[in-house]
Amino acid sequence: MSPFRCLESPIACLPRANIDTDQIIPARFLTTTTREGLGRHAFHDWRYDAEGRPDPDFVLNRPEAAQARILVTGPNFGCGSSREHAPWALLDAGIRAVISAGIADIFRANALKNGLLPIVLPEAVVDTLLAQPRLRLKIDVAKGRVYWPEGESLPFVLDAFSRTCLLEGVDELGYLLSQHEAIAAYERRHEDAAHVV
Amino acid sequence: MSTPRTLFDKLWDAHLVRPESAEAPALLYIDLHLLHEVTSPQAFAELAARGLPVRRPDRHKATLDHSTPTLPPGPEGRRAWATREAEAQVEALRSNCAAHGIELFDWDSGRRGIVHVVGPELGLTQPGMTLVCGDSHTATHGAFGTLAFGIGSSEVAHVLATQCLLQRRPKTLAVTVEGRLPPGCGAKDLILHLIGRIGVDGGTGHVIEYRGPAIEALSMEERMTVCNMSIEAGARAGLIGVDDTTIDWLRGRERVPQGAAFEAAAARWRQWRSDEGACFDREVRIDAGELRPTLSWGTHPGQVLPVDGHLPPAAPETVRALSYMGFEGGQALAGTPVDVVFVGSCTNGRLSDLREAAAVLRGRRVHPRVRMLVVPGSEAVKRAAEAEGIDRIVREAGAEWREAGCSMCIAMNGDVVAPGQLAVSTSNRNFEGRQGKGARTLLASPASAAAAAVAGCVADPRPFLGLGAAPSVPAPAFAHEVDA
Ligand code: SF4
């Protein structure tokens, strides 16, 4: 994972509530055994028509969205399945941050593990963003703030551990492996607590 | 006296390798991890890239379900793979399990099936455990007083390598269901109704504990149906405390201790309940007595209606769903013509579900307009259903009887609803395109699904179950030729 400190980018707006993981990446594209190459299927059924041609009206197909690294969407983004293919597809499509008034739990966890930053802002703020599709925003991970072009800013919640992982580009597996002693001690204490055969 | 604790508190505390701190989330020990072909290949690749072994192969069990065809193999043993990729994915799990010494419930092992059906039926899912799977419906296992939740593929790698996960303590939500379910209403109606009440994000950040008289009266299979759809309300997990129903269901299962050892385990398992007076962060109460057979009408599982209800009017929050579904605001749900009926999935693919559908189908014919698929949740469910003749009832009604798997629930295995078709399905998600691109889904109980199959349209299942007035089935002119 590469470090993620600051990001400045135009936003792409998808003003819909409850965007589920089946929209982000439909199940028929989950037969892959790798993480790569899913970007072309992101929002597939909204992005392409029945013949597979890009729908010019869909926000991510518009020329101004080509540079967008920040996706702004309606509440409860990422609900549905636990497929990590959803953040993989978004990242592969160039998105590094998602701003919403609510982000589903598993999607949020999956996103952070891959360096995709989930940002929850108040609904009224997100609604104003959704009305300004050409806006540029700046995100500062260390400060935990989103900056508007005029210099105004708002904080967002990001726990210390996730922040460190993003800033340093480290992943959780390395940390977990470093806890080997504590895990072994737990196993010795609980050897027969749970019965698995 | 110590402070009363919720079931969740007990499960969480018992599995803490390290509590949460200002710097890091809690380190939670995972007793059992279940794997399937779709979300695991990238995790095994991660282990391979780092040269890591699986820490405890005995605590991982794998099955094949999502991308497996449900048609029986052809004459040369060839299976009807949807794509070559799907076949490669299944082969990848088989070879990963072999390489790491993980037990796989393989083709024709007699144990294969949907991951959330096989865990409980083998007795692998036991009270007091932490259990995870790279699948959001892992909440199903919470019916056993098990802390069970879905994880992503990175976390699958974490559990394989360390048997632990980094987790933040969720909040608790008590859903107390008073009263009794009326005749003709089941667990599926209850959970759909609840999601309609609290919303598709009503449980976000929470673990739900279902309790109260109506929950205690449910069978284990019904409890699994309820817990299964916790994620559809956004919850991390669903839980139900252990009681006699739990213990009786587990006794004699293949992977639980047997004889005296079982009774000793059962005595320990009984502690996995919330204490009297335990505090939850939130509480919701519903009265089961109010329920009617319930179906979804829109494009998320919170958009639900009683079968005799009318769709909401067109409004900013409904217009998109109405237009995708091709419905008018205010129209009646009952009587809507149906093209496909699917009975199966980890929500309603267990023996009691198939019995419920068969009770409606017995002696009747599926409407000529309708294609109906009945797909057992596991090879064991299929065997048990065939032993009681359910397969015959299904076939004689003109429906297809398939091999175990996820099938049309996720439509990545060749079982697909065609664009524009309307399906009544016993699965758990009605998202746009969930059952195939452009497919439209109404979620329902097995009885409602079977009633729709016979009537050719959305119909109240109660008359088909001998409750209330006789069912209105289409005139004989439309019916198939009935087998002699
Ligand atoms: S039956 Fe459906 S919801 Fe259940 S595990 Fe399979 S795909 Fe997921």
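The values are calculated or read from the model by the stated rules, or taken from the named source; none is laboratory data. Since this is a predicted model, take the numbers as computed values, not measurements. No Cβ is skipped: glycine too gets one built from the backbone with ideal geometry, and neighbour counts run over all protein chains shown. To get the accessible areas, we keep the full protein, side chains included, count just its heavy atoms, and leave off ligands, DNA and RNA. Shrake-Rupley method; radii C 1.70, N 1.55, O 1.52, S 1.80 Å.
The table that follows gives values for the structure above.
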read-out	value
Every residue from the stretch B:112-159 that is charged (D, E, K, R), within 14 Å of the ligand (Cβ to nearest atom) and more than 7 Å from chain A (Cβ to nearest Cβ)	B:112
Number of the condition not met by residue A:115 [criteria: (1) closer than 16 Å to residue A:19 by Cβ; (2) touching a Phe, Trp or Tyr at 6+ places or on another chain (Cβ under 8 Å)]	(1)
Residue check, residue B:181 in a loop (DSSP other than H, G, I, E, B) and modelled with pLDDT of 95 or more	yes
Checklist (1) out of contact with any Cys (no Cβ under 8 Å at 6 or more places or on another chain); (2) within 15 Å of the ligand (Cβ to nearest atom) applied to residue B:442, failing item	(2)
Failed item in (1) within 25 Å of the chain's Cα centre (by Cα); (2) surrounded by 22 or more Cβ atoms within 10 Å (Cβ to Cβ), with residue B:282 passing the rest	(2)
In the stretch B:333-355, the residues that are of a type outside the set (S, T, N, Q), surrounded by fewer than 24 Cβ atoms within 10 Å (Cβ to Cβ) and closer than 16 Å to residue B:188 by Cα	B:351, B:355
Selection count where residues are closer than 20 Å to residue B:300 by Cβ and either open to solvent by 50 Å² or more (accessible area, probe 1.4 Å) or within 12 Å of another protein chain (Cβ to nearest Cβ) (or both), scope the stretch A:48-84	10
Looking only at the stretch A:20-47, and only at residues there that are within 8 Å of chain B (Cβ to nearest Cβ) and charged (D, E, K, R), the one that is surrounded by the fewest Cβ atoms within 10 Å (Cβ to Cβ)	A:45
Among the residues listed as B:456, B:466, the single one being of a type in the set (Gly, Ala, Ser), modelled with pLDDT under 95 and surrounded by fewer than 24 Cβ atoms within 10 Å (Cβ to Cβ)	B:466
Residue in the stretch B:102-118 that is under 24 Å from residue B:236 (Cβ atoms), in contact (Cβ under 8 Å) with a residue 12 or more places away in the chain and hydroxyl-bearing (Ser, Thr, Tyr) present	no
Test: residue in the stretch B:293-316 that is within 16 Å of the ligand (Cβ to nearest atom), over 20 Å from residue B:465 (Cα atoms) and open to solvent by less than 10 Å² (accessible area, probe 1.4 Å)	yes
Some residue of the stretch A:114-128 being among the charged types (D, E, K, R) and open to solvent by less than 10 Å² (accessible area, probe 1.4 Å)	no
Selection from the stretch B:1-36 of residues that are within 12 Å of chain A (Cβ to nearest Cβ) and free of Cβ contacts under 8 Å to residues at least 40 places away in the same chain	B:16, B:18, B:19, B:21, B:22, B:23
Selection from the stretch A:1-19 of residues that are away from chain B (no Cβ under 12 Å) and within 21 Å of residue A:125 (Cα to Cα)	A:6, A:7, A:8, A:9, A:10, A:11, A:12, A:13, A:14
Filter result (under 26 Å from residue B:87 (Cα atoms), more than 16 Å from the ligand (Cβ to nearest atom) and in a helix (DSSP H, G or I)) within the stretch A:25-65	A:39, A:40, A:41, A:44, A:45
Whichever residue in the stretch B:232-268 is in a helix (DSSP H, G or I), of a type outside the set (Lys, Arg) and touching a residue at least 24 places away in the same chain (Cβ under 8 Å) and, among such residues, is nearest to the other protein chains (Cβ to nearest Cβ)	B:265
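This table checks each residue for (1) touching a helix residue (DSSP H, G or I) at 6+ places or on another chain (Cβ under 7 Å); (2) within 14 Å of chain A (Cβ to nearest Cβ).
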site	(1), (2)
B:390	yes, no
B:395	no, no
B:413	yes, yes
B:421	no, no
B:428	yes, yes
B:433	yes, yes
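A quick yes/no check of all residues on (1) more than 21 Å from the chain's Cα centre (by Cα); (2) surrounded by fewer than 19 Cβ atoms within 10 Å (Cβ to Cβ); (3) within 14 Å of chain A (Cβ to nearest Cβ):
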residue	(1), (2), (3)
B:170	yes, no, yes
B:174	no, no, no
B:177	no, no, no
B:198	no, no, yes
B:206	no, no, yes
B:212	yes, yes, no
B:230	no, no, yes
B:270	yes, yes, no
